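These notes are about the structure you will find just below.
Bear in mind that the values in this text are calculations on the coordinates, not laboratory data. These numbers come from a predicted model, not from an experiment. Quick reminder, even Gly has a Cβ in these numbers, built from the backbone with ideal geometry, and neighbours come from all protein chains shown.
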Amino acid sequence: MERPNTGASTAIMEPIELDPVRPQQEALGVPSKHPPSLTGHSLASFRSHPSATSDSPNAADRNETLPSPTTASAEPIELWNKPAINIYRISATFWSFLIMGANDATYGAIIPYLEEYYGLTYLVVSLIFLSPFVGYNLAAVLNNTVHMRLGQRGVAFLGPLCHLIAYVVISVHPPYPVLVVVFILAGLGNGFEDSAWNAWIGAMANANEVLGFLHAFYGLGATIAPLVGAAVIELATSLHAFWGATAKVFRDAHPRTSDESGSRLKEAMAKLPAARVTWLCALFLLGYVGIEVALGGWIVTFMIRVRHGAAFASGMTATGFWLGITVGRVVLGFVTPRIGEKLAIAIYLPLALALQLLFWLVPQFYVSAVAVSLQGFFLGPMFPAAMVACTKLLPKHLHVSGIGFAAAFGGSGGAIFPFAVGAIAQRAGVQVLQPVVVALLVVIWGMWMGLPRMGRKRE
């Protein structure tokens, strides 16, 4: 307020007292249920209210609001060696993926022996590829629930336990129907670990490089046999490494950052734009894993029956394919982030297709062996790159549900397509492997190109 001051040219401003700012609910005469969040995250204030003290995970995972862009600070990204416990945990996941690779590669290696031991046809022996499909899809549905109720510790216990039970039963040479059933357990264990560890490492700094090593251990495991002793080590190391990763720790680290309520899996699968990313990645991985396991599983039989190779030399061809995948994941894992995941896979896939055509159309044993090894090299980094793409395109609270579903659903491709090859081969011969792989390579290229444009993740 301005007053005249006996001829002076100055003005005196009287102080004005301002009313305190009230929450919007009070200004409108509506009683506020919760105190306002000063941190930008409403989860803490929601839990502090007496009516939200339920122990149910769903009670702590609803009615959350978006963080305030002016108050919410950026969360630090985990490193493979920080906090220090991550070194141990990363090592445990490496061992788990070695077991998973050994599990998946063994199906193809034992097909000729199963045919002889049990007296089976192509169609019946192919059931061992189909049974893990059930396990993988159970994992896709249950993965988010396990995280919310048991945390990563639950995954570290249930996954290795499924492996151990399956391998103990298999080692005693049960009747073939029992063998088919216990492979469901092996698929469930693979599905739990595949989705959980990919989602966790995919959100880290330098995710392409670390995931490259993770999946390289999968390829390395594909050159050895699944031993009961190795599964015991997996159970002990995984559970010990992730013992502190409880459900509460997981829920606190992954607060929901959308205005949705209810199941996070439903949000990832049915709510745009997240659903687009989840389903495209799931279908891409369905085809990719189908290619990987179909080639690795049927190549020995193909090289014996079609290329007329010796049993040992044909088995070494499969070893060359898995070693190509292993080396590709390590080497190209450092190349992919420098040119971007979208462009890198758009280049690797046509190269893999060209090598597949060479494998198919040139009927020479050694040409086929070299071509399939090089094909493995370019196929290798695709799964890790897809995981990194998901972490860039999905919000953090949907990483486990979205990436977990995509990885587990995609893993079932390792059951569907090898079984389809075996079923068709029953009438047309194992040479149907080649056109099936070519068609799948073309389809997954289209799926990949349908993903949104990606930015760079903060390292």
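For the peptides 402-415, 176-189, the ranking by packing is 402-415, 176-189, with the highest mean count of neighbouring Cβ atoms within 10 Å listed first. In terms of other Cβ atoms within 10 Å, Phe365, Phe242 run from fewest to most in the order Phe365, Phe242.
Using a 10 Å cut-off around each Cβ, can you sort Ser96, Ser401 from fewest to most neighbouring Cβ atoms? The partial results should precede the final answer.
Values: Ser96 32, Ser401 28.
With the fewest neighbours first, Ser96, Ser401 line up as Ser401, Ser96.
Shape summary: the range 119-219 maps onto an equivalent ellipsoid whose semi-axes, from the alpha-carbon gyration tensor, are 28, 16, 12 Å in decreasing order. For the cross-link pairs Lys82/Lys266; Lys82/Lys342; Lys266/Lys342; Lys266/Lys392, which exceed 24 Å when the distance is taken from alpha carbon to alpha carbon? In this structure, Lys82/Lys266; Lys82/Lys342; Lys266/Lys342 lie more than 24 Å apart at Cα.
In this entry, the range 85-449 is assigned a mean projected area of 16.4 nm², taken as a quarter of its C-alpha convex hull surface. Start at zero, step by 10 Å, and the Cα-Cα distances of the range 303-459 spread as 10, 34, 35, 16, 5, 0 percent across the bins.
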